[in-house]
Structures are given as structure tokens and as C-alpha cells.
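Working notes, beginning with the structure itself.
Coordinate-derived values only; no laboratory data. Because the structure is a prediction, the values reported are computed rather than measured. Reconstructed Cβ throughout: ideal geometry from the backbone, glycine too, with neighbour counts over all protein chains shown.
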Amino acid sequence: KFTDAHVMSSSPWIWCIVAAYVTALDAIATDLFGLPKLYLPTAVRSSFFSSSLIMSYSIGSSSPSDIVLCCGNFGVILLHSAWFEKGGKYAYDILEKMIQVTMMRGAQSGGVVTFQDREKSEKDGTGHATHNMTGIRTRVVKSKRGDLSKILRSKLEQRSIVPFVRGVGEKALNRVKFYAGHTRFATTSKATFDGTHPHQWSKPQYLRVYNMDELLSTDDVERSMGRSIMGLSSNILRRSRSSAKRHIASPCKTRVEHFITHNGDFEFYELNGTSCEFEAVQKWLEIATGTTMPSGVDSAAIAGMVDIIRCKGCFALSVRYVICLGFPTSKIQENVDDIHLPSWQIYEKLGIVFEDALREYQNEFPFPLDLISQDPAKREGLARKAAVKLTSTEYQSVLESISRHVGNEELGAGVYNFAVACVNAFFDNDLLQTVKIFMAHSKGSFGLCVMSSLDSNRQICLAARGQTISVAFYPQKHIILYGSEQAAVKAGMGVEFPGLNSTCALDRSHLNVETDVLRLDLDDLGGEICLIDWGSRKYKNPAVSPPNRSIKAASVMNNEAQLYLIQESRNLSQPEVLYHRMTKLTKNRLITPLKDDCEDPILQDIRDIPMICGAIQDDWLNIGDGSTMFSLNRLTAWNLGRCIKERLEKYVSGELTPCANKVDILLTGCEVSLWLAEQFASDLQKAFPKLHIIAVSSNKLLGLYGQEGINIPTVGFPVSEKSLNLFDAITIIVSHSGGTFSPLGCSNLFQSKTNYIFVVTSE
């Protein structure tokens, strides 16, 4: 045992020597013998000694609250089957390149998920073929000296995740396919397999789901019937009813599972005016879903919330969503003993009640499901029929089992209100609405990709708030790339489309429109959601549910895909033409393709130094290749000089008066970039001694001026909101990568404070 007296009397050099030996032992054990990393218990990390602590090491994982993540998203949507020739080699080439770039955000572990679309031999109630989208997830925790991109690719190839795998009694379909991936770095804990993305909370379930896509895309009878009901006589209506009985919707057993990848921090979820910490959400989710928490990381809880919210087409899931999250009586209690939620069997019984009500309603009014979903009056009629059945003696025991949640008319939680909420969730909570609901109630930072087996035949959904997400469109190569790192979406630039040398038919635009490669950067400051849908050519029903059908879809990829964008901030509006928001990746001198792979990147970087220095000198001397008339660096420097000159002239003329807290030039950055900014600030101050020039960490500035409305004072530092007047300051942001979180946040934040913002960065 160690006591306080022993610690106080011991020389600190002894513990330095002990630490050195332990570090050496750890290196030998992990590198030479391949043993797991030695883990120091939390108690030791938080308080190195205590009166009852025995110095020991144990192998294990840390507590979830100690994990700090640095990670990144990436993904590719393959719109042409030529990408899967030669066993999917071309698709894997792009994925490997994207992983290599994203690894700068973390490379301890990583994973990729895709969905296998298989047609079942059975038919649904309307005679349509049914499909089960099966999620195939591959995750790896790399060795200490391993290359995550190569290890993950090898695992993917071993599993042969290509759309030509055939199963017993099933027919594999050759359709659009996507891969969604994530790389992770756990900065204060062991990189564990269960903490590796993509995350899934609930295991796959086979539930009773209405196949709305198939119903609306293949049945012309229902569409003509819908028109006749609205305008024809009662005699024709009776004939329509009699002929449409065989088209009444019925559910079939469908595989339901959801995956997410997430970069950022999930901190709070607000429900009915109460903010709940994610630790409380985790415990509540275990009871709400009946599933043991698969991982302690916060991102796994996002997957659990998606499991509950995504319920379109399934009445049992809709009932669960309303009781858990969508009703005035819904609560997330911190104390597990206070959580009283129905069992899944109760949800299923209530779902059957609504299915019976829908069947009776369609027997009486044979409207197709999409027509019912669009008309509030028809929804109300269905809800009233369901409410009558719920209050009947036949279902009295089922209704009593949810009396804690349903029945309080004063709170707006009566039986009819419950039926209305369930019907609305059944028709509305698709993938886009799910992400919209989650983002509206959640606090934190999110670079998010959400996938569902119920929607992966045609769409995925991305969201950005406080974390970057970029999407690149390659119309001539029939691929869409997205990633947290802007450079990652350039992975398709140096790759030839394999379809050029194949016999596959290509859909080419005769007008040669939208052939450039374009990049869309989501609004990570105000928050933005992006649904990518590639099913508009195949499915005749709308890509989104009625609450979001007012959104104007933006066509990309020569109409191969549609984008639905929701900006959370009301201060910004979408341009009439989305092209005006995009950055050209081709025919753009400022964008360079990714470099080819090399065996020794460090040696190659050293060899590149003379070339890079020469290019910098040529640029400042305005010696170019003739592609531009002038150097943009020279132009930017000229503008900076002009701003400083104007500031000096205002002081001379008396238009500006010196003030102790008035900042003339602000330089900001993080870590090495901040050091460079501090050196430049020192040089500027010597050149302009009358100006007030300071260099401040971007993290401190974000803390001072706040994100999510929370301001954090910089205790122990002289900077504060009162000591700094940054209005109209010439601001120089230094960021080596151009995507560092804090400098990027400052570039958005300070647009409301000054019109003079300059950036020193790479591409």
C-alpha cells in the first residue's frame, strides 16, 4: 500500500523512472509479443496515488464517460453496376483511398456497412414481390503498426460484399449500392471493437411492415381508382370498391435494422421541455427497446433513438414511438426504477388494432395508402376508427396496459389523440423525418449518416451541425462520395469509370449538362440535413413523407439522384439554383487531385520539399502556368495590406480613437497553427506598434462567444468578452488542414462581427 506520507516523502524522480520502465514494458509487450495494451485503471489516472491504492495494471476497457473521440465519416454511392466488375475491385479502390484520407482523423479502428438487397419468393398482400434489405457490417481494430485502410479493405474483400451474392431461395438483385464507413481514434481509452462504428443498437427484427414503395410504384389500378373516387358518381365508386378489394394493403414480415456513423458528441436530448443527458438516455433506451446497451459510446445511443423514431409503415413501431417520444406524457427518466414502459408484446397487440382499423377503413373507402397519407381528413377518419376499436370491450385489457401514458384528456393524451399520433407517425416518420426529429431535440455536435433497411433501397440521410460533411457528385462516373474530410471526396477524381471499357449500357446526357464534378458543403454552423435519394426513376411515389413534401428537390447527377435539404437555421435560405452553393472540383486551379500511393510517405514528403518551395516562390513572383492572370496569394496579400492601410488612415483622421480593449487585428488557430499565428502577430506588432494586435486560441474564442448558446469563461486567462472588442477587427484564421473544428467554427462565428476575414490554409 501507498500512503500520503509515503508519497510526500518520495522523490519525484523515482516515479519518473517507474513511468519510463512501464512505457518500455508496454512497447515491448505490444510490439514484440503482440499482447493487448496495458490499461491503467481510472482511479490511477484521476488520482495517481491514494491511501488504499495498490500499484497494478489490468487489461480491460475504460468507462464510457472517459472516452474522447476523434473520428470521421466517409461513404460512396455506386449508381452503376460497372463498379462491381472484377469482384468489386474498382469500388474497393475508392473506399481504400477515402479511408486513407479520413485516417488523419483517427486510425485505431474503423468499419463499413452496406445493405444486400434480396428479393424473397413470397408476395405481400397486393401480389407484389417483397424485399429484405440485409445490413452487412464489417469492423476492425487494427494492430499498432497496421494500416487501417488495407486491413479494412481486406476484410471487405473476404466477405465479398458485392451485389452478386446469391442465397438459398432468394435472388440477389443488381441495384444501386452504397457503402457507409467511419474511422475512429479513442484518445483516452483503449480502442475497442464494440466502440467501433457503424453502430447498431437493436438487433435485426422481422416485423409487420407495409411495403409502400412497391404498392405505389406498380399498381396503376389504385391510382386510377383514387381519381375516380374524387370525381365520379356513387355508382362508379361502388364498382371501384368491389374491384379494389384485392388491392387493400396488408403488411408482410420485413427485416428491420438501422445503422449510423457519427462524428462529434451527443450530449442532451430534450423531450417535453426536459433536457436529458445521454447517460440517462442510454439507460432509458435499454428499457424502451428491450435491448442491452451494445456499447457505452454516445454514438450508439443515437442508433437507439433512430430505432424508436424510424417507424413509417409499421404500426407496432409507431405505437412505441408515440408512447416513448411522441406524446405529451413521454418522459426519459434518469432513475431506472421510475421507467414504466409497455413490453414489445403490448406494442404488437396495439399494432394489430391499427392494422384491423386500416383494413376496415380501406374496405369502406378503398384509397391507396399514399392518398390517405396526403389527406388530413382521411387520416382523421382512420384515427377515429382506430380509437373506436381501442375503446371497445375487446381491447379493454390492452388499453389498460398503457393507462400510464394514454387517457389524460387534460394533457391532450386521450385515446383519440393517441390514435391520431400513431397514424401520423405511421405515415410520416420516414428516414428524413427521423433525422429531422432527432436533430431538433438533440444538443451536441453531429456529423451524421443514418441508414435504415426500410429505406436503403433508395436513400441515405446525412446531417451536419458543428461537424463538417461534404458531398461530391461525379455524373460521368455515376458515383456520389461524402465525407467529414473535404479531401476524401476527391477520391474519385483520379479513378477511371470502369464502364467505359465494358458492355454495360450507360445513361448519358445528350445535352452534356452537369458533367463537372461538384462538391456541396453542408452548413455545419447553422445545421443542415441532406437526404440523398436515387429512387425517383424507379419508384413513382414521393421520396419523402407529407411533412417534407414542400421541400424543393434539387436534381443532381443528370437526374440520377435528388437532394432534399433542410437548414436548421432560419437565418439562411437556399439559393434558387443549388449549383451556386457548390464548388467545382474539375477545371479548378485551386483543387488538386489526391496523390498516388507510395510505400514510404515520409520519404516522399522529404523529396517533395524542393518542389513545393519552388512552387510557393513562383506563385508569389507571379510565375504561373498561364491558367490564371495573377496569383491569388498576391491578390489576398494586397487586400490585407489595403485593410491595414485603411485602419491606419482612420486613426490618423480621427474617425477611430484608440481604446484599450479595441482589437485591430486578431489572429487565431489551434496548436501548431496557433504557434505560427503568434509568430506572425509578433511581426505585425513590431511593424505597426500603434495597432492592437493579439493572437488567441480558436478554442478560447468559441468558448467565449459560445456554441449552442453556452458561453464558457476562460478561467486563468486574461481574455474575456469585456476585455476583447472584436467588432470590425481584421481577422486572420490559420489552419493547416482547413478543416480543424475550432478555426472552422470561428470562420462561421465571426462573420457576424467583421467583414474582414482572411484565412491561411492548405487547399
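Taking amide H as placed 1.01 Å from N in the peptide plane, residue 656 has its amide H under 5 Å from the amide H of 651, each at least 5 places away in sequence or on another chain. Taking packing as the residue-averaged number of other Cβ atoms within 10 angstrom, the listed peptides 447-456, 295-304 run from highest to lowest as 447-456, 295-304.
Counted over all Cα-Cα pairs of segment 529-666, pairs farther apart than 26 Å make up 62 percent. Here's the picture: charge each Lys and Arg Cβ at +1 and each Asp and Glu Cβ at -1 in segment 600-758, and of 635, 699, 658 the one pushed furthest to the positive end of that dipole is 658. Judged by the gyration tensor of its Cα atoms, with axes a ≥ b ≥ c, segment 348-458 is oblate; a/c meets the 1.5 cut and b/c is at least as large as a/b.
Rounded if a/c is under 1.5, else prolate if a/b is larger than b/c, else oblate: which is segment 604-763, with a ≥ b ≥ c the root eigenvalues of its Cα gyration tensor?
Verdict is oblate for segment 604-763.
With no solvent and one point per C-alpha, what does the Debye sum give as log10 I(q)/I(0) for segment 277-425 at q = 0.18, 0.21 Å⁻¹? These q points yield log10 I(q)/I(0) values of -1.04, -1.31.
Just so you know, the averaged projected area of the alpha carbon convex hull for segment 317-373 sits at 4.9 nm².
I'd like the distance between the alpha-carbon centres of segment 653-678 and segment 362-437, rounded to an integer number of Å. What the calculation gives is 59 Å, centre to centre. With Cα atoms as the point set, segment 632-723 shows a radius of gyration and Dmax of 15.0, 41 Å. Among the listed pairs 177/538; 690/722; 650/690; 97/203; 177/253, those whose Cα-Cα separation exceeds 19 Å are 690/722; 97/203; 177/253. Straight-distance candidates among the lysines for linking to residue 436, with alpha-carbon spacing under 18 Å and chain neighbours fewer than 8 residues away dropped: 312, 552. Residue ranges 329-337, 435-443 sort as 435-443, 329-337 when ordered by packing (mean number of other C-beta atoms within 10 Å per residue, highest first).
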